[in-house]
Amino acid sequence: LDNTLHNASPHIFPHINRAMTAYLEQHLALGHDEANRLRVHYWHRYGATLLGLVRHHGTDPHHFLAETHRFDQLHRITVFDHALDAMLRRLPGRKLVVSNGPKRYVDAVLDVMGVRRHFDASYGIEQLDFHPKPAVKAFRTLIARERLSPRRCILVEDSADNLRTAKRLGMRTVLVGKGCNQTAFVDMRIDNVLDLRRAAARLGA
C-alpha cells in the first residue's frame, strides 16, 4: 500500500511518526526526544514500533493503532496518480493489499483513491496476527488464509526486505521506486506502479 499504490512520504508517514512519538510520550511518560528515539529503535529492531511496545510495555495493540492512525482529512494528504484506477481495472488476476498498518487505515486509503473495488481482500497487521512484514509469519498467515500457491503470486513492493522474504517463499517479485537497485531476489524493477501491467505481462501473469 504505502509508497507502492500511493506516496506516503510527503504527508502520511510524517503524520503517523508524530502520532507514534506523541503516544510514547503520553503513555510511557517520556520526553519528546527520548520517545522519538525509542519509536525508531523499536521499528528497526522489530519491524514495527508496535511490537516493541507490546513486548516491553504491554501496550494494547488495538489502542495504539487506533490512536496513531487518526486522520481528520485523509483525502487532502493522500498523494496518488488518478490513472491507478484504470491500470488496476485492466490488471489480470486476484489482487490483495497487505500492509503493516491497521486495516481501517488500509481501507480508508483505498477508498480515498477510489480503487478498493479492484481488490479481493485487504489485510492490516491485525489480520496478520500482529506479525509485520517482512516476517515470514506474516506471509505464511496470508498464504494460509487466502489459500495461495506462492509460485503463482507476484509481490509488488517498495521494500526490498519484504521482497526478500517473498522470494524465499517462492513468489515472484516486483520492486517499485525510482533509484532502487535490482538484486537477486527482485525479478523486475519498475519506477512507478502504473508500469505494473507491463511487468505482469513479462512475468507471465
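The values are calculated or read from the model by the stated rules, or taken from the named source; none is laboratory data. Fair warning: this is a prediction, and the values are worked out from it, not measured in the lab. Counting neighbours? That spans all protein chains shown, and the Cβs are built from the backbone with ideal geometry, glycine included. Heavy atoms of the whole protein, side chains included, go into the accessibility calculation; ligands, DNA and RNA do not. Shrake-Rupley method; radii C 1.70, N 1.55, O 1.52, S 1.80 Å.
Residue 183 is checked against (1) under 16 Å from the mean Cα position of the chain (by Cα); (2) among the polar types (S, T, N, Q); (3) surrounded by fewer than 15 Cβ atoms within 10 Å (Cβ to Cβ) and fails just one. What number does that condition carry?
(1)
Can you find a residue that is basic (Lys, Arg), farther than 25 Å from residue 168 by Cα and either in a loop (DSSP other than H, G, I, E, B) or in contact with a helix residue (DSSP H, G or I) (Cβ under 6 Å, 6 or more places away or on another chain) (or both) anywhere in segment 119-136?
Of the residues in segment 119-136, the ones basic (Lys, Arg) are 133.
Add one more test, that the residue is farther than 25 Å from residue 168 by Cα, and what stays is none.
Within segment 119-136, not a single residue is basic (Lys, Arg), farther than 25 Å from residue 168 by Cα and either in a loop (DSSP other than H, G, I, E, B) or in contact with a helix residue (DSSP H, G or I) (Cβ under 6 Å, 6 or more places away or on another chain) (or both).
For segment 4-36, name all the residues that are hydroxyl-bearing (Ser, Thr, Tyr) and either over 25 Å from the mean Cα position of the chain (by Cα) or surrounded by fewer than 16 Cβ atoms within 10 Å (Cβ to Cβ) (or both). Can you show your working first?
Pass one, segment 4-36, residues hydroxyl-bearing (Ser, Thr, Tyr): 4, 9, 21, 23.
Across segment 4-36, the qualifying residue is only 9.
Can you tell me which of 130, 139 is aromatic (Phe, Trp, Tyr), out of contact with any strand residue (DSSP E or B) (no Cβ under 9 Å at 6 or more places or on another chain) and closer than 30 Å to residue 55 by Cα? Write out each step before concluding.
Details: 139 fails: out of contact with any strand residue (DSSP E or B) (no Cβ under 9 Å at 6 or more places or on another chain).
Among 130, 139, only 130 is aromatic (Phe, Trp, Tyr), out of contact with any strand residue (DSSP E or B) (no Cβ under 9 Å at 6 or more places or on another chain) and closer than 30 Å to residue 55 by Cα.
Specify the residue that is surrounded by the fewest Cβ atoms within 10 Å (Cβ to Cβ); the eligible residues are those in segment 111-130 that are under 20 Å from residue 192 (Cβ atoms) and not aromatic (Phe, Trp, Tyr).
Restricting to residues being under 20 Å from residue 192 (Cβ atoms) and not aromatic (Phe, Trp, Tyr), the top hit is 114.
Taking segment 140-162 as the search range and keeping residues that are touching a Pro at 6+ places or on another chain (Cβ under 8 Å) and either among the hydrophobic types (A, V, I, L, M, F, W, C) or surrounded by fewer than 18 Cβ atoms within 10 Å (Cβ to Cβ) (or both), which one is farthest from residue 6 (Cα to Cα)?
Quick first cut of segment 140-162, residues touching a Pro at 6+ places or on another chain (Cβ under 8 Å) only: 143, 159, 161-162.
Right, trim to either among the hydrophobic types (A, V, I, L, M, F, W, C) or surrounded by fewer than 18 Cβ atoms within 10 Å (Cβ to Cβ) (or both) and you get 143, 161.
Working: 143: 24, 161: 19 Å.
Top of the filtered list is 143.
Given (1) surrounded by 15 or more Cβ atoms within 10 Å (Cβ to Cβ); (2) under 27 Å from residue 145 (Cα atoms); (3) in contact (Cβ under 8 Å) with a residue 40 or more places away in the chain, identify the lone condition not met by residue 108.
(3)
Can you name the condition, by its number, that residue 189 falls short on among (1) open to solvent by 50 Å² or more (accessible area, probe 1.4 Å); (2) among the basic types (Lys, Arg); (3) at pLDDT 95 or above?
(3)
Scanning segment 51-102 for residues that are acidic (Asp, Glu) and farther than 17 Å from residue 122 by Cα, which turns out most open to solvent (accessible area, probe 1.4 Å)? I'd like the intermediate steps shown before the answer.
Just the residues of segment 51-102 that are acidic (Asp, Glu), to begin with: 60, 67, 72, 81, 85.
If we keep only those that are farther than 17 Å from residue 122 by Cα as well, we get 60, 67, 72, 81.
Details: 60: 81, 67: 72, 72: 156, 81: 72 Å².
Filtering segment 51-102 for residues that are acidic (Asp, Glu) and farther than 17 Å from residue 122 by Cα, the one most open to solvent (accessible area, probe 1.4 Å) comes out as 72.
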